[in-house]
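Worksheet: one structure, shown below.
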Amino acid sequence: MESKDVVIIGGGITGLSTAYYLAKEGLRNIVVIEKSYLGSGSTGRCGTGIRQQFTTREHIILMRESVKLWKEWENNLPKSVHFRQGGYLWLLKESEMDAYREYVRLQNILGVNSRIIGKDDVKLIVPDINTEGIAGASWCPSDGNAYPFDTIDALRIALKRFGILIRQFEEVKEIKVKNGIIQQVVTDKETFNTHFVVDAAGFGARKVARMVGVDLPLKLYRHQIAVSEPVKVFLEPMVVKGELYFTQTYRGRIIGGTDLNEQPTESLSSTDEFLPQFANEILSVLPTISSLNVMRQWAGFYVVTPDHHPILGGTDLPGFLLGVGFSGHGFMLGPVVGKLLATYIMHGTMYLPEANNLDLRRFRSGCLIQEKAVIG
Amino acid sequence: MNKKGAGMREIKSHPILHFDRGGQVEFSFEGKRITAYQSETVAMALYRNGINVFSESSKLHRPRGMFCAIGKCSSCMMRVNGVPNVRTCILPVRSNMQVERQHGLGEKPSGVVHFLSPVEREETVTIIGGGPAGLSAAIVFAENGVKPLVIEQNPLLGGQLIKQTHKFFGSKNEGAGIRGIKIAKEMIQKVENLGIPTLARSSAFGFYPETDTLGVFKENQYIKVHSNYYLFATGAAERMIPFEGNDLPGVFGAGAAQTMMNIFGIKPGNRVLMVGAGNVGLIISYQLLQAGVEVAGVVEAAPRIGGYFVHAAKLRRFGVPILTSTTIKRAIGVARVEKAVTVSLDDKFNEIPNSEKEWGIDTVCLSTGLIPSVTLLAQAGCKMKYSPYLSGYVPIRNKNLMTTKENIFIAGDVSGVEEASTAILEGQLAAYSILKKMGKDAALQIDETRSELEKLRSGPFGTKILKGLEEVQYE
């Protein structure tokens, strides 16, 4: 039976990033366990966006750091993750302008270079945009996107070079605890002795936490995405309007989604309502893509907490750590969350103090931090 | 060059077919005027006018031409009237169209399309695919008082039958001794006479299992189809095999060559190397000869000819060599195939050193098998299984062609690649099975159709199919 210093459950960006930063800290005797293939959950289903335009101190500071780390990943990982700072162009109606002015003020104080721009400037950034009914936009040129599959693959190669064990198509069935200390992680194929477990299981996180009696306040909301056939890249920013968002990947496909206002569900099926609604919304903003064909449509989960912030760090069970509940922002937060959890494991403290406000205790104490800018 | 090309590629006389090409229209290709026939698709008009290269590949900028000619691949994509990525092989010509080559990925579209608002259709039975299986099913439904909706991606109904000029074997009921084109004509006529509603040039693009809805797109209209029963008769697509230069213009699926010759009256080339000596390869080689095209030879990787003896014998009579244990290694050319190299194989399919042979040809046709078009069925959640005898992943089904979902049935090549006469019978069987489910008395017809199918499969070519069916049939 193998002994591991840390067992990470979940082979999405959160789990792999945590393993990557643990390895960089020198901890190599660890394992990542993924019940399907790497990136098969929310990472591979995400909308690719990476933004700092949030409305709370915690989110803004974590994302400012994450953008810095995305740049490092682009330069240092064994292959490109296609991180591109094309900006987030958040289109606003007149009635929304004042609120976003406030958000931008907070973002600026915390060192993010967002600004409010007028209608004409919107046209300068994306000439094809239909600005009817739009007063202006909140624009942050250092926001951007990256390519999920290349990111997963780049991390996989990096971990392989560090000699880190990755198990795919292997499911954790039980976490054995004795006298309040984690002893073993049992999968459907083998058992690992360990005292440290990271729950990075995405939409399976609640099930994993239940194995050790930890109840997580998570709800699953299905969100759908469509991609078009490829054309030469002409759209670098992520464009947001209400619930609608879209950009173009480096491979030329327009990717985007919107919200159908669904109740929580366990189903990951695509629905017939999504495409017409998405098409209507996107064509009202960017009519010139009307003749592009849709290539694929799929669904993923936003794993949502009551305050739309993730749950990071320790629990009442020593050695059981959480990187869960990203509420639709798990991909963009991946680098910083991995680094935070790794430093927490190695040094017992989060290296960004704001992250301490995001642990599980806030739901007991009622100190929630409400995020107002949620898309899709 | 254009004029000469047009003369060279147009079939002037044919022993079986007469081409009713319709009047002439003009459109623009790269700023030059092209004369086309009204009945042609854009790709056919270009090819008849001597144009081989339709686009450049996106990474290595290699020349690309048409490959499948039936809208199943993406080899013929061009920019048409400012719209990128248009499959020109299934786009009818219109006068004054602006057609341009794509260099790598297409540029973003320039015009704006105005979509019609989505419509919903309530149907009893929906048939996806208007080939032999789909049409024979549609006829059975209509004759039993149920009007099905037929959805077809191509502009024409009839599937691959409309280009099959050869006579069919098998039993009289399924048209033995009659040419495929005639069977198709009769079926299409019947569908029209019975007033069966059909949507041609319509893509069934997605099946949504939560609501059992079929998403269909026709021109600028999104159609949501809600149907009590679905019959998938989506056919199959040609299999590409790997060899150097397999993307050069002038490398075609054998079915594409057949489409060019027998529907549009266009010669795919002057001198052809056929890869694959199954029935498709042998029959199409003979049809190439009928169209006045030279067939340099047929190569077959297996140690023996796969198709019927009579088809092989016809070719040998014309002096066409059929080389077994031989496969294509390389196609060579700058903007089009100019030469090909084949190589001999040992009994383990390994290349024998120094056995290369060079062929002076301008066209390579691949008849290396078909793959069932099953993606919609997989989306629907039907359980699938891989069977090499049936040519790929196919849905698990019962003897009456019901999949693991009670409202979804299959017929024709999508259930396992076979041939048109069995496709016709499967279409009928699936239709009777659905009628029975609907409470109609169809038990007798089911038994009859099943025994007809058994008879057709009793020959040596049926053993493979029967083996496959053992793997994928339940109950």
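The values are calculated or read from the model by the stated rules, or taken from the named source; none is laboratory data. Predicted model, so just to flag it, every value in this text is computed and none were measured. Every residue, glycine as well, gets a Cβ built from its backbone with ideal geometry; the counts of neighbours run over all protein chains shown.
Structure values in brief
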{"item": "Residue check for A:Gln224: more than 10 Å from chain B (Cβ to nearest Cβ), crowded, with 21+ Cβ neighbours inside 10 Å and out of contact with any Lys or Arg (no Cβ under 8 Å at 6 or more places or on another chain)", "result": "yes"}
{"item": "Region A:148-186, residues that are at positive phi, in contact (Cβ under 8 Å) with a residue 40 or more places away in the chain and not hydrophobic (A, V, I, L, M, F, W, C)", "result": "A:Gly163, A:Gly180"}
{"item": "Residue in region B:190-206 that is surrounded by 15 or more Cβ atoms within 10 Å (Cβ to Cβ), of a type in the set (D, E, K, R) and part of a helix (DSSP H, G or I) present", "result": "yes"}
{"item": "Answer residue from region A:281-302, given it is surrounded by 20 or more Cβ atoms within 10 Å (Cβ to Cβ) and in a strand (DSSP E or B) and is farthest from the other protein chains (Cβ to nearest Cβ) among those", "result": "A:Tyr302"}
{"item": "Candidate set from region B:104-115 (those that are closer than 17 Å to A:Ile282 by Cβ and aliphatic (A, V, I, L, M)); member that is nearest to the chain's Cα centre (by Cα)", "result": "B:Val113"}
{"item": "Candidate set from region A:254-280 (those that are surrounded by 20 or more Cβ atoms within 10 Å (Cβ to Cβ) and not in a loop (DSSP other than H, G, I, E, B)); member that is nearest to the other protein chains (Cβ to nearest Cβ)", "result": "A:Leu275"}
{"item": "Test for A:Asp128: is it among the acidic types (Asp, Glu) and over 20 Å from the mean Cα position of the chain (by Cα)", "result": "yes"}
{"item": "Residues of region B:191-213 classified as closer than 16 Å to B:Gly130 by Cα and within 22 Å of the chain's Cα centre (by Cα), total", "result": "9"}
{"item": "Residue tally, condition charged (D, E, K, R), more than 12 Å from B:Gly276 (Cβ to Cβ) and surrounded by 15 or more Cβ atoms within 10 Å (Cβ to Cβ), over region B:295-315", "result": "1"}
{"item": "Flag for B:Pro353 being more than 23 Å from the chain's Cα centre (by Cα) and either surrounded by fewer than 20 Cβ atoms within 10 Å (Cβ to Cβ) or modelled with pLDDT of 95 or more (or both)", "result": "yes"}
{"item": "Filter pass, B:Lys399 being among the basic types (Lys, Arg), part of a loop (DSSP other than H, G, I, E, B) and more than 26 Å from the chain's Cα centre (by Cα)", "result": "no"}
{"item": "Condition check for A:Phe246: within 14 Å of chain B (Cβ to nearest Cβ), crowded, with 21+ Cβ neighbours inside 10 Å and under 18 Å from the mean Cα position of the chain (by Cα)", "result": "yes"}
{"item": "Only one of A:Thr343, A:Thr349 that is of a type in the set (S, T, N, Q), touching a residue at least 40 places away in the same chain (Cβ under 8 Å) and either surrounded by 17 or more Cβ atoms within 10 Å (Cβ to Cβ) or assigned to a loop (DSSP other than H, G, I, E, B) (or both)", "result": "A:Thr343"}
{"item": "Unique match (being surrounded by 19 or more Cβ atoms within 10 Å (Cβ to Cβ), more than 14 Å from chain B (Cβ to nearest Cβ) and closer than 18 Å to A:Leu292 by Cα) among A:Val197, A:Val239, A:Val231, A:Val208", "result": "A:Val239"}
{"item": "Residues being surrounded by 15 or more Cβ atoms within 10 Å (Cβ to Cβ) and either within 15 Å of B:Val83 (Cα to Cα) or within 14 Å of chain A (Cβ to nearest Cβ) (or both) - total across region B:116-125", "result": "2"}
{"item": "Strands (runs of 3 or more DSSP E) within region B:210-316 that include 1 or more residues in contact with a Leu (Cβ under 6 Å, 6 or more places away or on another chain), closer than 30 Å to B:Arg101 by Cβ and among the aliphatic types (A, V, I, L, M)", "result": "B:236-238, B:271-275, B:294-299"}
{"item": "Tabulated pairs, region B:11-30, first closer than 19 Å to B:Ile181 by Cα, second at pLDDT 90 or above and among the charged types (D, E, K, R), C-beta under 8 angstrom, 6+ apart or interchain", "result": "B:Ile11/B:Lys267; B:Arg21/B:Glu40"}
{"item": "Sole exception among (1) out of contact with any Pro (no Cβ under 8 Å at 6 or more places or on another chain); (2) at pLDDT 90 or above for B:Val53, by number", "result": "(1)"}
{"item": "Qualifying residue in region A:321-338 (condition: in contact with a Lys or Arg (Cβ under 7 Å, 6 or more places away or on another chain), assigned to a strand (DSSP E or B) and more than 14 Å from every other protein chain (Cβ to nearest Cβ))", "result": "no"}
{"item": "Lone unmet requirement of (1) surrounded by fewer than 23 Cβ atoms within 10 Å (Cβ to Cβ); (2) in contact (Cβ under 8 Å) with a residue 12 or more places away in the chain; (3) under 18 Å from B:Gly306 (Cβ atoms); (4) among the aliphatic types (A, V, I, L, M) for B:Ile396", "result": "(3)"}
{"item": "Selection count where residues are within 16 Å of B:Arg239 (Cα to Cα) and hydroxyl-bearing (Ser, Thr, Tyr), scope region B:416-425", "result": "0"}
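Residue by residue, here is whether (1) polar (S, T, N, Q); (2) touching a residue at least 24 places away in the same chain (Cβ under 8 Å); (3) touching a strand residue (DSSP E or B) at 6+ places or on another chain (Cβ under 9 Å) holds:
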residue: B:Ser227; (1), (2), (3): yes, yes, yes
residue: B:Tyr230; (1), (2), (3): no, yes, yes
residue: B:Arg239; (1), (2), (3): no, yes, yes
residue: B:Pro242; (1), (2), (3): no, no, no
